[in-house]
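Contents: one structure, followed by commentary.
Read-outs: derived from the displayed coordinates by stated rules, not from any lab. Because the structure is predicted, anything quoted here is derived from the model rather than measured. A quick note on method: Cβ atoms are made from the backbone with ideal geometry, for glycine too, and the neighbour counts reach across all protein chains shown.
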Amino acid sequence: MRIIFERTGGIMGLKSRLTINLDELPVDQSRNLSRLVDEANFFTLPKDSSGRPAPDSFQYTITVETDTTSHTVHTSDITAAEELRPLLQELSQRARSQRGSKA
Amino acid sequence: MHAHHSILCITPPHMLQEIVRNGSPTQRDIALQTLITSEQIRGQRRVMKSMAAFMATAVPSGNKERAIYDVKNGTQLPGTLVRGEGDPASSDPAVNEAYDGSGVTYDLFFDIYGRNSINNNGLKLESNVHYQKGYDNAFWDGKQMVYGDGDEDLPVAERLFNRFTISLDIIAHELTHGVTQYEANLAYWDQAGALNESMSDVYGSLVKQYQRKQTASEADWIIGEGLFTSNVNGVGIRTMKAPGTAYNDPVLGKDPQPAHMKDYVRTVEDNGGVHINSGVPNHAFYVTALELGGNAWEKAGRIWYKTLTDKLQERSTFQQACDLTYEAAGELYGVNSLEQQAVKKGWDAVGITIGGDAPTGCLSTILGIFGMKAPAEN
């Protein structure tokens with residue numbers, strides 16, 4: 001499984017991007033991410049729930065690819081589905097701690 | 001008092017009454033004192049009585065009402081109420097910063113422009129602190145302000161951002177998004193979005209200047225001073241004085257703001273670069289304010305306020321903002337007044353001419369969606 005995470009907007013208007021190949025992660029981390037994707041019901045989430053942009057909020061684009069399928073979701077701080085938020089938080093956290101290194 | 005008094009002595013009473021009605025608390029006190037004193041000299045004490053009645057009824061008393069909520073690292077808005085209006089200070093600095101910062105912002109809008117809160121009708125100012133964990137941002141969600149704690153969850157050596165309530169101008173920036181929503185309601189994309197952003201930076205900076213009692217030339221015009229940790233090579237997230245120079249950092253990159261239309265950034269990201277191209281109107285305001293001298297919130301701030309509340313519309317462009325601030329300055333201070341000339345100089349400095357046809361940047365956004373590059377629009 002591969003996850004591509006992109007964050008734009010925010011009060012600085014900066015973009016950050018992160019690609020994660022779950023195969024390359026330690027097993028516990030990879031398992032945790034798979035669980036968050038499952039718990040988000042990711043493949044059933046609407047493609048675009050970004051709504052009318054709210055000033056300074058972040059916009060997110062998340063793509064999850066497996067061997068058989070791929071799904072992309074556009075969302076924002078204001079409109080993200082509750083079940084997606086734990087995954088969003090985990091990906092944001094990873095993107096922040098890898099700032100500066102080219103993902 | 002005497003220095004003020006001598007100036008106010010030559011002011012006609014109807015103007016003093018106007019100051020009593022619309023001035024800042026300090027201006028009101030001075031004006032009222034002057035009115036009373038001059039009436040005493042004339043032996044017409046009964047006027048004092050009527051003035052007291054006037055003060056009780058006719059002076060608008062703003063109803064500043066603040067509420068600070070703790071989101072406790074979650075995302076449910078609003079969080080738990082932790083400080084209401086008039087409540088004693090908290091032991092949590094983020095709570096107090098949000099409380100005090102929204103208070104000073106209310107004061108600038110009320111004292112100087114006579115505006116009673118975000119909707120000009122006493123709307124409660126609601127702020128949420130400790131949003132999420134490691135949330136390096138602040139936003140206005142259409143109803144309330146939301147602040148993250150920056151990089152509090154990372155090791156100190158990796159932290160770039162402090163908590164977002166740390167900068168007064170960030171708080172005022174967010175609150176001004178609310179004012180804009182109730183007034184011009186500028187769309188949050190392309191040039192209208194960059195104007196929306198710029199209004200928030202303008203009043204963000206003016207609130208800081210008002211609190212510090214700084215003139216246009218004394219002010220630093222930095223947005224988000226104190227927001228970066230010492231790990232970042234930068235003074236803040238933007239600068240209205242010299243857009244494009246706020247930071248230049250190995251991790252964050254370089255401040256991408258243009259200070260002139262020739263460097264306008266055509267992009268589809270960030271809603272068409274609303275936080276990038278705001279550098280152009282930001283700098284026009286700065287040049288205007290510097291040209292006028294004195295306190296920027298008085299004249300430049302008033303011209304922009306009139307433009308925001310009476311003239312700009314949802315899809316306004318930079319060219320329209322230029323023409324309409326010029327028009328507003330003419331209405332407030334007279335056609336060909338120094339104030340109107342200062343507005344012209346401000347926009348000239350960023351490459352936009354009164355009555356001209358500056359590119360709108362909209363075509364490039366449409367083309368950008370299809371992965372194409374726009375030709376030079378002029």
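Every residue, every condition in (1) within 14 Å of chain A (Cβ to nearest Cβ); (2) in a loop (DSSP other than H, G, I, E, B); (3) within 19 Å of B:Gly224 (Cβ to Cβ), yes or no:
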site: B:Asn63; (1), (2), (3): no, yes, no
site: B:Ala89; (1), (2), (3): no, yes, no
site: B:Glu97; (1), (2), (3): no, no, yes
site: B:Gly103; (1), (2), (3): no, no, no
message: Criterion first (at the interface with chain A (Cβ under 10 Å from one of its Cβ atoms), surrounded by fewer than 19 Cβ atoms within 10 Å (Cβ to Cβ) and more than 20 Å from B:Ser200 (Cα to Cα)) does B:Gly74 satisfy it?
response: yes
field: Scope the stretch B:124-155; condition surrounded by fewer than 20 Cβ atoms within 10 Å (Cβ to Cβ) and either aromatic (Phe, Trp, Tyr) or without any contact (Cβ under 8 Å) to a residue 12 or more places away in the chain (or both); matching residues
entry: B:Pro155
- request: State all residues of the stretch B:117-134 that are more than 8 Å from chain A (Cβ to nearest Cβ) and either under 20 Å from the mean Cα position of the chain (by Cα) or more than 20 Å from B:Ala67 (Cβ to Cβ) (or both); if no residue qualifies, say none.
  value: B:Ser117, B:Ile118, B:Asn119, B:Asn120, B:Asn121, B:Gly122, B:Leu123, B:Lys124, B:Leu125, B:Glu126, B:Ser127, B:Asn128
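Within the stretch B:276-289, can one find any residue that is within 11 Å of chain A (Cβ to nearest Cβ) and more than 16 Å from the chain's Cα centre (by Cα)?
Going residue by residue through the stretch B:276-289, those that are within 11 Å of chain A (Cβ to nearest Cβ) are B:276-279.
Filter once more, keeping what is more than 16 Å from the chain's Cα centre (by Cα): B:276-277.
Yes, the stretch B:276-289 contains at least one residue that is within 11 Å of chain A (Cβ to nearest Cβ) and more than 16 Å from the chain's Cα centre (by Cα).
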message: Among the numbered criteria (1) touching a Lys or Arg at 6+ places or on another chain (Cβ under 8 Å); (2) farther than 19 Å from B:Arg115 by Cβ, which one does B:Ala328 miss?
response: (2)
task: Give the stretch A:38-62 a look and list any residue that's facing chain B (nearest Cβ under 10 Å) and surrounded by fewer than 13 Cβ atoms within 10 Å (Cβ to Cβ), or say none.
output: A:Arg52
field: Whichever residue in the stretch B:205-241 is of a type in the set (Asp, Glu) and away from chain A (no Cβ under 14 Å) and, among such residues, is farthest from B:Val274 (Cα to Cα)
entry: B:Glu218
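Looking at the stretch B:226-248, which of the residues that are out of contact with any Phe, Trp or Tyr (no Cβ under 8 Å at 6 or more places or on another chain) and crowded, with 21+ Cβ neighbours inside 10 Å is farthest from B:Ala157 (Cα to Cα)?
If we filter the stretch B:226-248 for residues that are out of contact with any Phe, Trp or Tyr (no Cβ under 8 Å at 6 or more places or on another chain), which is where we start, we get B:226, B:230-231, B:238, B:242-246, B:248.
If we keep only those that are crowded, with 21+ Cβ neighbours inside 10 Å too, we end up with B:238, B:243, B:246.
Working: B:Arg238: 23, B:Pro243: 28, B:Ala246: 21 Å.
For the stretch B:226-248, the residue satisfying everything is B:Pro243.
Looking at B:Val268, B:Val335, B:Val251, B:Val287, which one is free of Cβ contacts under 8 Å to residues at least 60 places away in the same chain and surrounded by fewer than 24 Cβ atoms within 10 Å (Cβ to Cβ)? Walk me through it before giving the result.
Working: B:Val268 fails: free of Cβ contacts under 8 Å to residues at least 60 places away in the same chain; B:Val251 fails: free of Cβ contacts under 8 Å to residues at least 60 places away in the same chain; B:Val287 fails: free of Cβ contacts under 8 Å to residues at least 60 places away in the same chain.
Checking each option against the conditions leaves just B:Val335.
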- prompt: Filter the stretch A:63-103 for residues that are away from chain B (no Cβ under 11 Å) and under 10 Å from the mean Cα position of the chain (by Cα); which is farthest from B:Gly142 (Cα to Cα)?
  reply: A:Val64
query: What are the residues in the stretch B:242-264 that are within 10 Å of chain A (Cβ to nearest Cβ) and within 24 Å of the chain's Cα centre (by Cα), if any?
result: B:Ala246, B:Tyr247, B:Asp255, B:Pro256, B:Gln257
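Determine whether the stretch B:141-160 contains at least one residue that is within 11 Å of chain A (Cβ to nearest Cβ) and of a type in the set (S, T, N, Q).
So the first thing to find is which residues in the stretch B:141-160 are within 11 Å of chain A (Cβ to nearest Cβ), and the list is B:141-148, B:150-151, B:153-155, B:158-160.
Going one step further and asking which of them are of a type in the set (S, T, N, Q), we end up with B:144.
Looking for residues that are within 11 Å of chain A (Cβ to nearest Cβ) and of a type in the set (S, T, N, Q), one finds at least one in the stretch B:141-160, hence yes.
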- request: Return the residue satisfying two criteria in turn: it lies in the stretch A:22-43 and is charged (D, E, K, R) and more than 14 Å from the chain's Cα centre (by Cα), and of such residues it is farthest from A:Thr66 (Cα to Cα).
  value: A:Asp28
